[in-house]
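Working notes, structure below.
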Amino acid sequence: MSNATLLAPVQTARSAHTIARPVSPAARVAAPAQPAQPPVAARPEPAVPAGSEARGFALYVGIDEQKAAQAGVSLGILVDALRRTLADLAPAAQTYATVALAPVAAGGRDVDVVRLALHEPSAVARTRPEPVDEDLASRVIVDISRKRVLIDGESANFTYKEFELLQYLVLREGRTIDRAELVSSLWSAGSEDEAPGERTIDVHVRRLRAKLGRYEDIVRTVRGIGYRFDRHADVVIRYGTGTPSPDRF
């Protein structure tokens, strides 16, 4: 299906294969000067648990040979291009690429199939039977690894977007998230769902709270700003086995 531990955006890789065409001296003189591009802000590093250190990362890429061919490349070309990009950016970095093999009939998003085929911890955790814990029967369980919410032992009928909204707040515990950030983060450009206005986000939060029932106050309103999730005695967060999934950051 794909390669793991690839180390740059695909568009960067494809640009490595762009053929430079010669430009005449006259064209160079006539071309207007391009304005200087503003520096790209450094992306903040994710928090690292105590007693551990970041030694690298894995980028799971979901694309099969047919889709690669439609884009005019192959999996091998993508791997080579990304490795060259990494060599330019960080010559000391070591790489290892592997192809994720999955059954022909495997359904789901390509990247999810890849993560499961390569035994990514949180992907594997979703396929394991849920242990029965009587102590948790009267609580809210937000299961990040399995993308579901249990309320008093019963699975809540959350829509995909409602779960995304709750997950976004849970993974930023204690931080107030304004409406504009929720809209821009959960309704990205090109999404099938039309992005709501900042005030319309209140409607989504009300629906989310209605499904939380007597636990609705775990999603707090910060008047005039937005919403926040605070740690609550009746809420259990499950991230799955192993290290936290990269989509926490």
Highest average packing first - 87-93, 212-218, Cβ atoms within 10 Å: 212-218, 87-93
If the chain between Arg148 and Arg220 were fully extended at 0.36 nm per residue, the gain over the current Cα-Cα distance would be 23.9 nm
Taking K and R as +1 and D and E as -1, what net charge do the other residues with C-beta under 14 Å from the C-beta of Val205 add up to? +2
Let me check I've understood the local charge: for Asp230, count other residues with C-beta under 15 angstrom from its C-beta, Lys and Arg +1, Asp and Glu -1. What total comes out? +2
Suppose R0 equals 35 Å; then what is the FRET efficiency for Glu198 and Ala54 from their Cβ-Cβ distance, rounded to the nearest 0.05? 0.50
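Here, each number is a calculation from the coordinates, and none is a lab measurement. It should be emphasised that the depicted structure is a prediction, and the values quoted were computed from it without experimental measurement. FYI the Cβ positions are ideal-geometry reconstructions off the backbone, even for glycines, and counts take in every protein chain you see.
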